[in-house]
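The values are calculated or read from the model by the stated rules, or taken from the named source; none is laboratory data. These numbers were taken from a predicted model, which means no experiment stands behind them. FYI the Cβ positions are ideal-geometry reconstructions off the backbone, even for glycines, and counts take in every protein chain you see.
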Amino acid sequence: MDPTVLAITAFSAVLILLALRVPIAFCLGGAAVIGSFLYFAFRTGSFAPERAINPTLSMAYSNSFDLVHSYNLSMIPLFIALGHVAYHAGFTTNIYHAAKVWLVRMRGGVAMASVVGCGGFSAITGSSIACASTMGRICTPEMMRMGYDERLATSSVAAGGTLGSLIPPSVLFIIYGIFTETSISKLFLAGVLPGLLSLCGFLLVIYVWVSLRPEIAPATGTSYSAEDRRRAARDAWPAILLFVVIVGGIYGGVFSATEAAAVSLAIATAVGFAQRKLTLKQMVDSLKETCVQTASIFIIAACAKIFVAFVALTGVSNDILTLVTEAELSVFWLLVAIACIYLVLGMFLDPIGIMVLTLPLMVPLVESYGLNLIWFGVVVIKLLEIGLITPPVGLNVFVIANVVGDKVALHRIFAGIFRFLSVDMIVLILIISFPTISLVLTGG
Amino acid sequence: MLGRFETLLLALAALAVFAMGLIISVNVVLRLFGVSLPDSVVIVQELMVLAIILPLAVVTRLREHVSVEVVSNLMPGGWQRWLRVLGWIVGLFALGVLTWAGTREFLKVWESGSFYFGDLSLPKWPGRLAFAVGMAAAVLRLLLVLKDDLLGVMKD
């Protein structure tokens with residue numbers, strides 16, 4: 001059996017099974033095992049299944065076990081645990097409260113505070129969907145109660161939630177780092193400026209939108225004293241400390257990303273207990289929630305690793321590489337093609353699924369053009385971030401829709417999202433045009 | 001019975017996450033004094049297997065496996081229930097193979113008495129055992145979930 005045909009059939013099978021709602025991990029694992037079995041069975045020309053069992057089992061085991069048996073990847077459960085602990089201790093929501101107290105006097109100030117809160121939440125939890133889900137429960141109902149337009153109240157949080165993918169620590173960056181074998185610390189640093197750029201872009205959208213249509217964000221009439229503002233800023237210190245420990249520690253070369261995860265978790269736990277905001281039960285619950293979340297991410301990554309090994313076995317990446325080289329595609333058109341692929345996939349698939357499916361084919365291609373994989377990682381994550389709010393299946397939009405129930409129709413949320421999407425596209429173009437934005441902090 | 005066992009596995013996984021955080025943090029502090037915990041990298045690697053694989057059965061029980069629902073949501077309810085069954089069957093195959101492969105590897109290292117080179121010469125079997133047990137528990141839970149969903153489909 002021709003290995004290229006086998007790989008294409010396996011890819012097609014995965015896509016069909018995905019469409020049929022088969023969990024991503026099972027699609028990848030099942031297709032990789034059957035594909036590898038057939039590859040080994042037909043290796044000598046004739047069908048010899050008895051010769052295929054051992055290598056198939058060894059390949060499936062070694063790739064999945066090696067992935068989970070990793071010191072560096074312990075940062076994923078540790079960062080996820082940090083997010084849960086910080087949430088239970090109230091650190092993440094304090095950022096939003098501080099931003100609200102400082103910005104409430106401005107028109108649209110609460111929407112801006114929501115975006116800043118999302119940025120702060122992301123800087124601790126590293127998950128876009130968790131960010132949208134948590135902040136959506138707090139900010140959106142509050143804005144709607146204050147008479148904000150439903151499009152602004154929902155879309156600002158849906159868009160703000162995507163910041164979790166770029167601002168470190170980001171689970172997507174870690175997974176990208178695993179599959180491209182690039183430095184996760186450098187990826188984190190590369191995400192800082194593009195993340196902040198996106199955050200400023202979202203604030204600008206709200207400012208312009210509210211300036212042009214003041215009725216969508218009525219003045220609240222609420223004001224806080226200077227002492228209230230100072231107190232709110234002081235209350236946000238644990239979150240700021242954690243961000244400084246993570247980014248400062250990695251940038252200053254004090255910690256590796258894994259150590260930053262462990263130390264920040266230790267600090268969050270100690271501060272939470274010292275401030276009596278974290279109970280032992282909440283801590284245990286946080287660890288259990290962490291395990292469930294981590295296992296559901298890792299089983300996808302483990303099965304994807306088997307799939308990647310199978311794809312490498314067939315050599316289909318080289319075939320695609322030859323095809324593209326023969327087409328003499330310029331770097332510009334290559335990037336346009338890659339952006340289109342990710343944007344289209346982002347409309348239907350979840351970010352982890354897209355990465356594990358595409359990276360085995362994309363990375364050799366990108367490397368052959370001599371492009372920087374750290375910078376490319378930022379581009380990919382930005383594209384995935386855009387996919388989280390692109391219709392018809394913007395996951396973050398659905399998360400917010402679930403939070404608000406039937407109070408706001410889905411198309412109304414998407415109606416607000418387009419403004420944020422346009423800024424996202426501008427930021428994407430800037431990141432692609434000026435790689436320095438991503439690479440300046442990495443020293444690359 | 002399986003439910004209790006899964007709860008135990010989840011508790012062990014939670015302990016493993018806590019232990020990983022503690023070991024790495026202590027190592028960072030000890031580095032200031034020019035020392036480190038012996039074989040801490042190997043210990044964290046072994047704990048990772050516990051933290052990741054042991055909760056898989058609970059993930060299955062909670063139906064937390066990530067899937068793409070955009071196409072299936074357009075289908076009638078009866079079809080969707082069959083698609084769920086299909087998902088569990090594919091899962092049984094994929095995780096079944098990993099259970100088989102994991103058990104084989106565990107028995108190999110157990111019989112050979114393999115260990116990691118290092119200060120403590122830690123044995124290799126605990127991580128392999130956790131992998132095989134976690135996968136087997138997930139397969140058992142998949143069978144139960146499949147049975148429940150199949151009965152639901154039959155009733156309809």
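General remarks:
- The one condition from (1) at pLDDT 80 or above; (2) over 28 Å from A:A7 (Cβ atoms); (3) surrounded by 21 or more Cβ atoms within 10 Å (Cβ to Cβ) that A:F376 does not meet is (2).
- Among the residues of the stretch A:157-176, at least one is β-branched (V, I, T), assigned to a loop (DSSP other than H, G, I, E, B), in contact with a helix residue (DSSP H, G or I) (Cβ under 7 Å, 6 or more places away or on another chain) and without any contact (Cβ under 8 Å) to a residue 60 or more places away in the chain.
- When the stretch A:264-291 is filtered for residues that are among the hydrophobic types (A, V, I, L, M, F, W, C) and in contact (Cβ under 8 Å) with a residue 60 or more places away in the chain, the ones remaining, listed by number, are A:L265, A:A268, A:V271, A:L278, A:M283, A:L287, A:C291.
- Within the stretch A:327-385, the set of residues being among the charged types (D, E, K, R) and either away from chain B (no Cβ under 14 Å) or without any contact (Cβ under 8 Å) to a residue 24 or more places away in the chain (or both) comprises A:E328, A:E367, A:K382, A:E385.
- Qualifying residue in the stretch B:33-42 (condition: farther than 18 Å from B:Y116 by Cβ and in contact (Cβ under 8 Å) with a residue 24 or more places away in the chain): no
- Some residue of the stretch A:34-54 being within 12 Å of another protein chain (Cβ to nearest Cβ), within 30 Å of B:V44 (Cβ to Cβ) and either surrounded by fewer than 22 Cβ atoms within 10 Å (Cβ to Cβ) or modelled with pLDDT of 90 or more (or both): yes
For (1) part of a helix (DSSP H, G or I); (2) surrounded by 21 or more Cβ atoms within 10 Å (Cβ to Cβ); (3) of a type in the set (K, R); (4) not assigned by TED's automatic domain parsing to the domain that holds A:V404, each residue gets a yes or a no:
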residue	(1), (2), (3), (4)
A:Y148	no, yes, no, no
A:S155	yes, yes, no, no
A:L189	yes, yes, no, no
A:G195	yes, yes, no, no
A:C200	yes, no, no, no
A:T220	no, no, no, no
A:S223	no, no, no, no
A:R231	yes, no, yes, no
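- Of all the criteria given as (1) more than 9 Å from chain B (Cβ to nearest Cβ); (2) in a helix (DSSP H, G or I); (3) in contact with a helix residue (DSSP H, G or I) (Cβ under 6 Å, 6 or more places away or on another chain); (4) not charged (D, E, K, R), the one not satisfied by A:C303 is (1).
- Flag: A:V271 matches the condition of being in contact with a Leu (Cβ under 9 Å, 6 or more places away or on another chain), farther than 30 Å from B:R61 by Cα and not assigned by TED's automatic domain parsing to the domain that holds A:S64.
- When residues of the stretch A:260-300 are limited to those that are of a type in the set (D, E, K, R) and more than 8 Å from chain B (Cβ to nearest Cβ), the one surrounded by the most Cβ atoms within 10 Å (Cβ to Cβ): A:E289
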